[in-house]
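Values in this text are rule-based calculations from the coordinates and carry no lab data. Not measured: the values here are computed from a predicted model. Note that we place each Cβ from the backbone using ideal geometry, even for glycine, and neighbour counts take in every protein chain shown.
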Amino acid sequence: MEKKPFLNLEKAQEIAKEIPTPFHIYDEKGIRENARALNEAFSWNKGYREYFAVKATPNPYLMQILSEEGCGMDCSSYTELELCKACGISGTDIMFSSNVTPVEDMKLAYDMGAYINLDDYTHVDFIKKVCGVPKTICCRYNPGGVFELAGSEDKVQVMDTPGDSKYGMTEEQMEKAFIELKEAGAEDFGIHAFLASNTVSNEYYPELAGILFELAVRLKKKTGVHIKFINLSGGVGVDYKPEEPKSDIKYIGEGVRKKFEKILVPEGMGDVEIYTELGRYMLAPFGAIVAKAIHEKHIYKEYIGLDACAANLMRPAMYGSYHHITVLGKENEPCDHMYDVTGGLCENNDKFAIDRMLPKIDIGDLIYIHDTGAHGFSMGYNYNGKLRSAEVLLKEDGSFKMIRRAETSKDYFSTFDFSEFKF
Ligand SMILES: Cc1ncc(COP(=O)(O)O)c(C=O)c1O
């Protein structure tokens, strides 16, 4: 089974003439169409809003595109807040979902008027001391235990262990937090939870929504607060492997609506706004790395070495993640060669693919690594003195624009004290 790249060999060659490989490239048309479909799927909820998880792809050009499509931004740090500021995004167009939050970060989020999502019960006192309690405040929930969602044929499709995760508060803590925050002046409340990542089941969001809606009803009854929004956070997955099903966002939106009508509406809570905080679903399929095959090696296995490495895409090294590979221009050739496709880091896990069947690769071939648009560039690092690549936007009209230049060694050295060393 093949996955189709959003650019062909000719386009990749045209871009590579101006912007040397490797580079990350993003597909504006795909991004916009996907954001519109998401908004449509949740349009039954009057206050619905997607707050794009900036950490997934912190590039102002992409943030601006999503902002034009009606998205707010979810920030997790001071720098991400500053990035929003630079894009002219502030106030309740920002959700601040952080953990182990430094004082300065909390202050900036407060000063920018962002919705603040408290990760822990101790953060109630912390926010009181640091900046005061805003009118609207959100708390992050952790139900503990194991989150299991059985798919068809008794196959567990989603499983995660909130009980082992560092995020969020227990229900008792949520209750105490709401009461204390209300006493300190908060008028509107939000509830947030992120229980599983990259889910391939369309039932994840509806199931999570059910848990949070029931919690909201209990908290409202016990504390008397007004629940303004419920943030389903991230976690809707993408089909990294060609044989995986695509998430059906229309079905997912409809599943959440059914839970909303069953649980919240009868309690007089039909005004609750639904928010999402998706990263991967918004951008992963609409980003790719274009790299060049620069070496081959024949020892106990067959290796192809690229000019990209794990410093450009850490997911395979970090989680053993699968990213599909297309050899541009050889889409119709038989996949009759088995390769490990590697980068040049001095780490044996620097492999984009292991034992992958691909067409015969020649030195100079352009290699397209799929689905790198989220948690790709942003997880990059500088190990071995490797430099971060450029980012390119493939615009709707087919033209392209560099939206971040590649790092140079000057950038790498820029944090040293130049008065003491000569570079
Ligand atoms: C608080 C929070 N919200 C949203 C996201 C986005 O998750 P995803 O990209 O899986 O949708 C993350 C990812 O780490 C997160 O930590």
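In terms of its C-alpha gyration tensor, segment 48-179 has an oblate overall shape, because the principal axis ratio a/c (a ≥ b ≥ c, square roots of the eigenvalues) is not below 1.5 and a/b does not outweigh b/c. Going by the alpha-carbon gyration tensor, a ≥ b ≥ c the square roots of its eigenvalues, is segment 285-413 rounded (a/c under 1.5) or, if a/c is not under 1.5, prolate (a/b greater than b/c) versus oblate? Oblate is the answer for segment 285-413, as a/c is 1.5 or above yet b/c matches or exceeds a/b. Compared with the alpha-carbon gap, the fully stretched path from I299 to I363 is longer by 21.3 nm at 0.36 nm per residue.
Put a plus charge on the Cβ of each Lys and Arg, a minus charge on the Cβ of each Asp and Glu, and nothing anywhere else: the dipole of the chain about its Cα centre is then about 460 debye. Multiplying the residue separation of N99 and T415 by 0.36 nm and subtracting their alpha-carbon distance yields 111.1 nm. For T57, the residues whose amide H sits under 5 Å from its own are H375, ignoring neighbours fewer than 5 places away on the same chain, with H placed 1.01 Å from N.
Per-peptide packing, taken as the mean over residues of other Cβ atoms within 10 Å, places 58-67, 347-356 in the sequence 58-67, 347-356 from highest down.
On full extension, the segment bounded by K246 and E407 gains 54.5 nm, given 0.36 nm per residue less the C-alpha separation. Taking the helices alone, the chain has a mean residue ellipticity at 222 nm of -8000 deg cm²/dmol, built from -39,500 (n - 2.57) per DSSP H run of at least 4 residues and averaged over all its residues.
For the chain, the relative contact order works out to 19 percent when only alpha carbon pairs closer than 8 Å and six or more residues apart are counted. Taking every DSSP bridge with both residues inside the chain, close to 45 percent are antiparallel.
What FRET efficiency comes out for the pair E172/K395, r = Cβ-Cβ distance, R0 = 41 Å, nearest 0.05? The calculated FRET efficiency here is 0.20.
Of all lysines in the structure, those lying under 19 Å Cα to Cα from K17, and not within fewer than 8 positions of it along the same chain, are K292, K395, K401.
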